[in-house]
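Engineer: Starting off with a structure, shown below.
Quick note: the coordinates plus some simple rules give every number you see, no bench work behind them. Here the structure is a predicted model, which means the values were calculated and not measured. Glycine also receives a Cβ, built like all others from the backbone with ideal geometry; neighbour counts cover every protein chain displayed.
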Amino acid sequence: MSADVSDLSLVRRVQRGDKGAFDALVLKYQHKLVKLVMRYVRNPAEAEDIAQEAFIKAYRALPQFRGDSAFYTWLYRIAINTAKNAVVSRDRSPIEYNIDRHDNDESYDMQGRMKDSETPEGLVLTDEIRSTVNAAIDALPEDLRTAIVLRELEGLSYEEIAAAMDCPVGTVRSRIFRAREAIDRRLREVFEGGLGRAEELG
Amino acid sequence: MNEELDSQLSAMFDDELPPEECELLARRLSRDEQLKARWGRYAVMGAVVRAERGVRLNAPLAGRVSAVLLAEPALGTQSLPGAAQRAAVRWWQPLAASALAAGVAAAAILWLRAESPPAGIPLSASVQLATPAVGSAPVMPASASGSVGRADSYVVPPSPGVRAVIVPSTELANYVVAHSMFSSPVARRNLLSAFMTSEPTTGGAEEPQDDAKSTAP
């Protein structure tokens with residue numbers, strides 16, 4: 001299977017004016033992008049702001065994206081440049097950046113940042129999500145757990161997993177899907193449960 | 001939810017879905033909020049498995065980006081740089097083609113006018129070939145009316161509405177008539193009759209001259 005084909009199909013839809021397809025790209029890469037930006041800034045809230053700015057820059061630059069490289073490679077490059085610029089900007093005027101930033105950049109949502117950053121509720125929910133997923137993975141049958149871990153942790157393709165597990169590619173696809181379904185059943189309870197934060201993923 | 005659809009979604013998340021299926025599912029994914037939420041949870045699972053510490057799994061980043069992009073114009077409605085250039089080319093191409101065609105036509109007309117003989121000069125053979133037949137204007141000898149003792153004079157009836165390109169034909173007749181005094185009456189008559197009979201036909205200028213030569217003494 002050619003790499004990046006699903007991203008490319010979403011990218012093409014965005015380029016044709018479908019903003020909803022860009023939501024899917026953001027959902028898929030937001031954690032990876034924040035993790036990447038956190039190599040440059042330590043504060044998770046600041047990293048999220050930079051990641052948000054990077055996504056918006058990527059959206060605006062998407063008409064120039066021709067698909068010569070993988071979308072995520074292109075996106076990572078934008079995020080790294082945005083993070084570097086943010087660090088330089090912060091070093092030059094740290095007070096202005098951290099306290100008195102008054103610009104018209106819509107990507108900078110100070111209110112949202114103050115509201116959501118590092119609240120006890122947010123931290124609890126993150127921990128709950130993490131423990132739920134880990135518990136669900138532990139409860140999986142061995143073949144399903146191996147398949148999902150090889151895919152998510154090692155980043156192996158279905159073909160490579162099939163070779164490693166000595167089974168057909170179709171079986172790998174089925175095992176990964178069933179593993180995700182089992183995890184998702186428990187994860188959905190967390191998002192749709194008492195804390196009522198499900199809309200944040202949507 | 002449809003299990004097959006979810007299976008496809010899982011494969012698409014891993015870039016393991018065939019391109020044609022990807023196209024269809026991408027369309028559905030961009031519109032179906034439930035499917036999108038499931039897609040987002042798949043991303044959360046991956047982040048947990050990779051133990052991405054420090055990353056908030058419940059961060060409202062996607063919602064914030066989406067809110068900002070609401071104010072942005074959709075990309076399809078904006079003119080892309082390359083597309084705009086191509087559109088501009090498409091816009092002026094027909095005009096340029098029309099202008100070129102008009103220029104060529106104007107140049108051809110000017111050339112034809114420059115090539116055609118000016119008024120007062122005997123019509124050349126090539127021009128007379130292109131001249132429409134105007135046989136409706138026969139040359140009438142004035143002597144036919146019975147005036148005796150006067151010099152022979154011939155009057156060509158005026159032909160209103162005849163275009164300028166026909167004028168040389170009339171002038172040729174006048175020219176022949178004016179110089180007829182220097183030729184013998186028989187030759188003159190033959191020449192004129194040959195001229196008159198030749199004009200309504202194909203209009204070839206050489207035929208009457210040949211006739212005239214053949215009948216000339």
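Engineer: Pull out the extension gain between A:K57 and A:D138, defined as 0.36 nm times the separation in residues minus the alpha carbon to alpha carbon distance; nm, one decimal.
Structural biologist: Fully extending the segment from A:K57 to A:D138 adds 25.3 nm.
Engineer: At B:Q34 and A:D166, where each label point lies 7 Å from the Cα along Cα→Cβ, what is the point-to-point distance in nanometres?
Structural biologist: Those two pseudo-labels are separated by 4.1 nm.
Engineer: To the nearest 0.05, how large is the calculated FRET efficiency for B:E72 and A:N43 if R₀ is 41 Å and r is the Cβ-Cβ distance?
Structural biologist: 0.95
Engineer: Now for a different question. Sorting B:R31, B:R50 on the 10 Å Cβ count, fewest up front, what's the list?
Structural biologist: Fewest-to-most Cβ neighbours within 10 Å comes out as B:R31, B:R50.
Engineer: Please compute, for peptide A:143-151, the average count of beta-carbon atoms on other protein chains lying within 10 Å of each residue's beta-carbon.
Structural biologist: 1
Engineer: Tell me, in nm to one decimal, what length is gained between B:A108 and B:R53 on full extension, where the rule is 0.36 nm per residue of separation less the Cα-Cα distance?
Structural biologist: Going from the current span to full extension adds 11.7 nm.
Engineer: Between A:E181 and A:V124, what is the spin-label point distance in nm, taking each point 7 Å from the Cα along the Cα→C-beta axis?
Structural biologist: That separation, rounded to one decimal, is 3.3 nm.
Engineer: Multiplying the sequence separation of A:R92 and A:E154 by 0.36 nm and subtracting their Cα-Cα distance, what value in nm do you get?
Structural biologist: Stretched fully, the A:R92-A:E154 segment lengthens by 18.4 nm.
Engineer: Among A:K19, A:K28, which comes first, then next, by fewest other beta-carbon atoms within 10 Å?
Structural biologist: By the 10 Å Cβ count, ascending, the order reads A:K19, A:K28.
Engineer: At R0 = 35 Å, how high is the FRET efficiency between B:L95 and B:E20 if r is their beta carbon distance? Nearest 0.05 is fine.
Structural biologist: Between B:L95 and B:E20 the formula returns 0.25.
Engineer: Separate question: Using the count of nearby Cβ atoms within 10 Å as a rough guide to exposure, how do B:L25, A:L25, B:L70 rank from fewest to most?
Structural biologist: Ascending number of Cβ neighbours within 10 Å: B:L70, B:L25, A:L25.
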